[in-house]
Amino acid sequence: MPAALLTRGAGQTLADQLAARFAERIRTRLLAPGARLPSVRACARQYGVSPHTVVTAYDQLQGQGLVEVRRQRGFFVRDWAAAQPVRAARTVQAQGRRVAADASTLIRGMFYRPSAKPQPGMGVLPPDWMEAPFLSAALRRVAGGPLLQKLTLQYGDPAGDAALRRSLARRLADISVPVPPDCILTTVGATHALDIVSRTLLRSGDAVMVEEPGWAIEFARLESLGMRILPVPRHAQGPDLDVIERYCRAGVPQRPKLLVSVSVLHNPTGYSLMPGSAHRLLQLAEQYGFHIVEDDSYSHLAPERATRLCALDGLQRTIYVSGFAKMLAPNWRVGFLAASRALLPRLLETKLLATLTTPALFERALADCIDQGQLRRHGERLREQLDAARTRTMRLALGADCRFIAEPAGLFGWVDTGVDTDALAQRLLDEDYLIAPGSLVYARRPPTNLMRINFATSQDAAFWKAFTRLR
């Protein structure tokens with residue numbers, strides 16, 4: 001029996017079962033605030049019930065305060081932030097709450113497992129890909145000697161473990177980003193690094209340029225801090241320089257203070273920055289006085305000689321951010337940033353206010369893995385696996401009449417499905433598949449036919465059969 005169908009004689013009416021199914025998705029943010037529920041007739045066909053049953057279920061959801069009716073448009077998940085009266089001075093904060101609620105759909109996908117099936121919408125590599133016995137060995141080495149007391153029974157260096165910062169400096173030099181260890185600050189993952197930069201350089205109401213499509217969590221995080229998001233279209237060469245210059249020239253009500261950019265293996269397109277665009281972008285940053293945060297979270301999956309802004313700029317107007325969760329031990333939460341010597345003390349103050357220090361035991365163990373070359377070999381193995389997975393997934397996606405918007409590269413594919421992927425996501429969820437609709441990676445969440453796929457988790461032919469049937 002298809003997973004979409006409800007069970008008759010299960011001790012619950014069909015309407016109760018249907019209402020419970022939608023209520024769970026709404027409460028877990030798998031149906032985001034403002035999302036439209038299927039029409040009554042479409043829902044009846046999908047679940048094999050009568051239209052009366054669907055109306056009864058939707059009425060229950062409305063009675064629970066989970067959905068609302070919009071005249072002549074249908075049933076929508078209730079948007080609590082939009083429903084509350086908001087004065088003009090609080091508009092930015094209200095928009096931030098709405099965007100944060102939308103982004104939580106994608107965040108939930110990082111932790112939600114509808115089944116044991118491979119999930120095309122995942123944002124990380126499969127756990128078995130990231131298995132690395134050398135991690136536990138490194139922890140035993142660090143914890144087995146007199147170093148244990150020093151690393152666990154007292155606060156560590158606020159800037160981060162000195163051994164890890166030295167190791168990171170050597171690694172950055174390998175990708176042509178020369179940085180001394182005292183210009184590196186460890187963080188609780190790359191997201192924490194981005195947050196430190198935002199809280200240090202920005203104040204509520206400031207304008208921030210962010211690439212679009214981009215990382216939904218970054219849109220939400222900035223808007224929850226009261227920032228004004230200025231979307232910058234991302235092209236194959238890099239962010240749209242004309243749009244950036246227009247924002248800077250307009251300066252209404254003020255010039256943007258920051259650009260958040262992914263130079264290498266951009267999420268979700270897979271694009272990497274071209275040298276000509278990089279030079280012009282740095283000229284704009286100098287001319288108009290904004291900083292650039294270069295998020296290099298996918299550096300371990302990328303060619304070492306890829307163009308990076310920090311390599312060209314020497315951390316004058318750029319700040320480098322990266323981490324290890326995309327390829328190794330996500331739960332260790334080790335990230336870092338690199339900045340100029342003039343800026344680093346301010347960033348360190350922000351870190352102290354939030355976390356004091358970061359876990360030195362994990363940091364020292366990671367330094368050990370870097371110094372022994374284990375991390376480099378692990379990255380090489382992952383790149384080989386990903387290349388093979390990308391080839392298989394591309395064949396399956398093209399066979400399902402999808403079209404790649406960008407040349408496939410890195411972890412993610414940016415795919416045109418030909419149908420509304422928000423609606424498709426709900427139908428596939430009934431088959432225990434979680435996808436990432438394209439609307440999630442835009443600042444204002446417009447309807448779109450695009451979706452992001454993870455090449456490592458989209459090699460399952462059964463998924464593409466279900467995709468074709470439900471589309």
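Summary table
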| item | result |
| --- | --- |
| Segment 344-410 and segment 411-471: distance between their alpha carbon centers, rounded to Å | 22 Å |
| Residue-level accessible surface for Ser204, protein heavy atoms, 1.4 Å, Å² | 80 Å² |
| Answer label, with Cα extents along the principal axes in Å calculated from the coordinates and candidates (1) 68, 53, 45; (2) 111, 63, 45; (3) 81, 61, 48 | (1) |
| Distance (nanometres) between label positions extended 7 Å along Cα→Cβ at Arg71 and Ser176 | 6.2 nm |
| Per-residue HN-Hα couplings for segment 386-402 [Karplus 6.51, -1.76, 1.60; θ = phi - 60°; Hz; x = Gly/Pro] | 5, 4, 5, 5, 4, 4, 5, 5, 4, 4, 5, 5, 5, x, 8, 6, 8 |
| Fraction of beta bridges assigned by DSSP in the chain that are antiparallel (%, nearest 5) | 60 percent |
| Using alpha-carbon coordinates, inclination of helix 461-470 to the longest axis of the chain, degrees | 50 degrees |
| For segment 237-343, share of DSSP beta bridges that run antiparallel, in % to the nearest 5 | 35 percent |
| DSSP bridge pairs, segment 144-282: antiparallel proportion in percent, nearest 5 | 10 percent |
| Accessible carbon and sulfur surface of segment 361-402 relative to its total accessible area, %, 1.4 Å | 48 percent |
| Lys pairs, the chain - Cα-Cα below 23 angstrom, 8 or more residues apart or on other chains | 5 |
| For segment 16-73, accessible area per residue (1.4 Å probe, heavy atoms of protein chains only), Å² | 52 Å² |
| Over the chain: helical MRE at 222 nm, DSSP H runs n ≥ 4 each giving -39500 (n - 2.57), nearest 500 | -14000 deg cm²/dmol |
| Pairwise centroid distance, computed over Cα atoms, of segment 277-295 with segment 39-59, Å | 53 Å |
| Sequence of Asp371, Asp161, Asp16, Asp416 when ordered by accessible area, the most exposed leading, probe 1.4 angstrom | Asp371, Asp16, Asp416, Asp161 |
| Heavy-atom accessible area ranking, 1.4 Å probe, most first, across Arg364, Arg395, Arg45 | Arg45, Arg395, Arg364 |
| Built amide H within the under 5 Å cut-off of Val179, gap 5+ | Ala173 |
| Residues of segment 123-213: accessible area per residue with a 1.4 Å probe, Å² | 43 Å² |
| Degrees between helix 275-288 axis and first principal axis of the chain (Cα, 0 to 90, nearest 10) | 80 degrees |
| Surface accessible to a 1.4 Å probe, Val243 within the full protein complex, Å² | 20 Å² |
| Net charge, Ala190 excluded, C-beta distance under 13 Å - Lys, Arg +1, Asp, Glu -1 | -2 |
| Rounded to the nearest 10 Å², the accessible area of Arg392 at probe 1.4 Å | 100 Å² |
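The values are calculated or read from the model by the stated rules, or taken from the named source; none is laboratory data. The shown structure was predicted, so the numbers you read here are calculated from the model rather than taken from an experiment. Neighbour counts run over all protein chains shown; Cβ positions are idealised from the backbone, glycine included. These area figures cover heavy atoms from the full protein model, side chains too; ligands, DNA and RNA do not enter into them. Shrake-Rupley method; radii C 1.70, N 1.55, O 1.52, S 1.80 Å.
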